[in-house]
Amino acid sequence: MSQYASPRRLQVYWWALSFQGGVLNAGGILSCGRGVSHVTGFGTSFGTEGAQGHWHAAVGLLSVPLFFLMGSMASTFLLEHPKSFSNSRYYGYSIVLGLIAIISLAVSLLGWGGAFGHFNASLVFRQHYTLLVLLSFACGLQNALFTERAGTLIRSTHMTGPVTDLGIDLGRYLLIFLGRGQRVEHIKTRRETHIIYLRAIAITMFIVGALLGSMFFLRFEYLGFMVPSFIACVLFLDSFKVQRRLFFD
């Protein structure tokens, strides 16, 4: 199956995880003023903090994306390594989803217990570093989750790449529509339309997740992280039923 031919169940997973990505980023911004999946943002923060002579905070913030990287590495290891065994390979996706659920739950309970200080948008590095690390690691796990299955089509924790890809798709589709692009078969036009639809829904779900997640966080503060934990837990339980057919057909 090509990277563009996503089964319907995989689409639902993608949209649910995009919603979850919006919730996680909203939680990071509202709790300590930092989006947790934006590697570019942390690189910029390093520059701004360093320019002001805040080198301890600058280096610490620069280290946070490393945990996003480690999350992606861990996700890939869990998904690919078990394939050398006959039956255990079908549980890699479930393990990753379970880890995301556990990390989100841990963040919620630790925050509720006062481990990260008051819930506000002012970064206190010593208080919020563990929070940023845990959420960034979870986002790394999630973003790499379906990469092998769907190539670069699925990204669920940040929207810069998907919005760029959507712009490219729309540009190509416009050329096809105007008859100025290369001659293509009708089936390819339908495929381009389907990809635009998938990406547009994923971006919308991320935005809706950020909106509804913000409402939860403003009301329940750190307990709002129960929302992504619940979503990941539901997908975790469902994944045992569908992995063999969905991911390895």
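Values in this text are rule-based calculations from the coordinates and carry no lab data. Just so we're clear, the structure is a prediction, and the values are computed from it rather than from any experiment. For neighbour counting, all protein chains shown are included, and Cβ atoms are generated from backbone atoms with ideal geometry for every residue, glycine included.
For the reader, a short list of remarks on this structure follows.
- Full-extension gain in nm, V12 to M70, via 0.36 nm per residue minus C-alpha separation: 18.3 nm
- The length gained by stretching the chain between Q52 and I168 to full extension, at 0.36 nm per residue less their Cα-Cα distance, is 37.9 nm.
- FRET efficiency for I201 and F77, using Cβ-Cβ distance with R0 set to 45 Å, rounded to 0.05: 0.90
- Residues R34, R126, R8, R172 arranged by fewest to most Cβ contacts within 10 Å: R8, R126, R172, R34
- Pairwise FRET efficiency - I102 versus K241, Cβ, R0 = 25 Å, nearest 0.05: 0.75
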